[in-house]
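Contents: one structure, followed by commentary.
The values are calculated or read from the model by the stated rules, or taken from the named source; none is laboratory data. Note that the coordinates shown come from a computational prediction; the quantities given were computed from them, not determined experimentally. Every residue, glycine among them, receives a Cβ derived from its backbone with ideal geometry; neighbour counts consider all protein chains shown.
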Amino acid sequence: MGTVTTDDGTVIFYKDWGPRDGRPVVFHHGWPLSADDWDNQMLFFLSHGYRVIAHDRRGHGRSTQSATGHDMDTYAADVIALTDHLDLREAFHIGHSTGGGEVARYVARARRGRVAKAVLVSAVPPIMVKSDANPGGLPIEVFDGFRKALAANRSQFYIDVPSGPFYGFNRPGANVSQGLIHNWWRQGMTGAANAHYECIKAFSETDFTEDLRQIDVPVLVAHGTDDQVVPYEDAAPLSVELLKDGTLKAYDGFPHGMLSTNPDTLNPDILAFLQS
């Protein structure tokens with residue numbers, strides 16, 4: 001574990017496990033979580049000889065609860081600071097949900113040789129919010145509701161989200177894991193309310209269209225068809241259309257948090273893509 005300090009003085013916490021000569025895999029977490037959300041995947045890829053790295057986004061987890069910088073440009077700049085600090089080359093970058101947006105923006109801006117491949121899982125690109133240009137998106141009122149619930153009672157909101165749509169535990173016959181719910185709440189409450197509040201705008205209103213068009217490395221886009229947070233039809237297929245070298249992998253009936261509910265399926269598929 002370590003830290004890197006960005007140009008504006010923000011301290012970014014990160015985990016760095018495995019052999020220094022191992023191929024680096026960098027994990028980018030979703031909102032409002034932390035690097036801890038990748039425990040399963042980090043252990044899996046570590047067991048296959050990879051060097052695994054995951055950071056807490058600013059305002060999340062153990063990183064600085066900064067007053068500013070809760071936008072995708074700054075998130076990507078923080079990743080550049082991290083990857084420069086560790087001098088990562090030909091790395092694999094894997095992002096879930098908001099972290100998928102962070103990956104798209106970072107990879108589009110990364111210096112040549114820094115990134116080998118990328119994986120977007122249940123990711124927010126191209127853009128979530130509904131508009132004339134994106135008629136299939138979610139109405140802004142949905143995200144206004146997120147902000148209202150967070151400001152009113154963040155702790156309760158962070159129980160309701162994982163208990164319901166995030167892991168699909170609101171579906172009939174779902175195998176509900178109280179451990180996942182508690183861990184989601186724990187990670188969320190470790191971060192800063194202001195950062196989480198402002199990040200809602202970042203993940204919902206940022207347009208990643210040009211980022212996706214600029215990416216010239218292979219990208220796997222993995223998404224569950226029963227994603228109640230980032231609806232499949234307005235995300236994964238549209239992202240693949242914009243990528244130069246994109247591969248779409250749809251998972252029938254899987255939820256937004258499928259990396260946690262179905263790791264035995266997702267982990268080998270991601271590994272196969274990285275090794276291909």
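The residues of segment 226-250 that are crowded, with 23+ Cβ neighbours inside 10 Å and not aliphatic (A, V, I, L, M), listed by number, are Asp227, Ser239. The C-beta contact set for segment 211-226 (first residue assigned to a helix (DSSP H, G or I), second residue surrounded by 18 or more Cβ atoms within 10 Å (Cβ to Cβ) and basic (Lys, Arg), distance under 8 angstrom, 6+ apart or interchain) comprises Asp211/Arg105. Just to be sure before I move on: is Ala77 assigned to a helix (DSSP H, G or I) and touching a residue at least 60 places away in the same chain (Cβ under 8 Å) in the structure I sent? Taking the combined requirement at face value, the residue satisfies it.
Can we say Ala272 is at pLDDT 95 or above, touching a strand residue (DSSP E or B) at 6+ places or on another chain (Cβ under 7 Å) and not polar (S, T, N, Q)?
Details: at pLDDT 95 or above: yes; touching a strand residue (DSSP E or B) at 6+ places or on another chain (Cβ under 7 Å): no; not polar (S, T, N, Q): yes.
It is false that Ala272 is at pLDDT 95 or above, touching a strand residue (DSSP E or B) at 6+ places or on another chain (Cβ under 7 Å) and not polar (S, T, N, Q).
Condition check for Ile127 on (1) part of a helix (DSSP H, G or I); (2) more than 20 Å from Asp37 (Cα to Cα); (3) in contact (Cβ under 8 Å) with a residue 40 or more places away in the chain: one failure, at (1). Within segment 85-99, the only residue that satisfies the criterion of being more than 10 Å from the chain's Cα centre (by Cα) and over 14 Å from Val25 (Cα atoms) is His85.
Output the residue which, of all residues in segment 111-157 that are of a type in the set (Lys, Arg) and under 30 Å from Leu274 (Cα atoms), is surrounded by the fewest Cβ atoms within 10 Å (Cβ to Cβ). Among those residues, the one meeting the criterion is Arg112. Of all residues in segment 136-168, those being over 20 Å from Gly30 (Cα atoms), at pLDDT 95 or above and assigned to a loop (DSSP other than H, G, I, E, B) number 1.
Apart from one condition, Gly253 fits all of (1) within 17 Å of the chain's Cα centre (by Cα); (2) surrounded by fewer than 19 Cβ atoms within 10 Å (Cβ to Cβ); (3) not in a helix (DSSP H, G or I); the exception is (1).
How many residues does segment 19-31 contain that are in a loop (DSSP other than H, G, I, E, B) and under 10 Å from the mean Cα position of the chain (by Cα)?
Taking segment 19-31 as the starting set, the residues that turn out to be in a loop (DSSP other than H, G, I, E, B) are 19-23, 29-31.
Add one more test, that the residue is under 10 Å from the mean Cα position of the chain (by Cα), and what stays is 29-31.
Result for segment 19-31: 3.
Only residues that are hydroxyl-bearing (Ser, Thr, Tyr) and touching a residue at least 60 places away in the same chain (Cβ under 8 Å) were counted in segment 149-194, giving 4. Would you confirm whether any residue within segment 204-223 is over 18 Å from the mean Cα position of the chain (by Cα) and more than 25 Å from Ala110 (Cα to Cα)? No - not one qualifying residue is present in segment 204-223. When segment 87-110 is filtered for residues that are over 25 Å from Gly9 (Cβ atoms) and surrounded by fewer than 20 Cβ atoms within 10 Å (Cβ to Cβ), the ones remaining, listed by number, are Arg89, Glu90, Ala108.
Scanning segment 3-18 for residues that are surrounded by 19 or more Cβ atoms within 10 Å (Cβ to Cβ), assigned to a loop (DSSP other than H, G, I, E, B) and on the phi < 0 side of the Ramachandran plot yields a count of 2. The combined condition, being farther than 30 Å from Asp245 by Cα and either of a type in the set (Ser, Thr, Tyr) or in contact with a Leu (Cβ under 9 Å, 6 or more places away or on another chain) (or both), is not fulfilled by Ser131. When each of Asp84, Asp73 is tested for being surrounded by fewer than 24 Cβ atoms within 10 Å (Cβ to Cβ), within 30 Å of Phe146 (Cβ to Cβ) and out of contact with any Leu (no Cβ under 7 Å at 6 or more places or on another chain), the lone residue that passes is Asp73.
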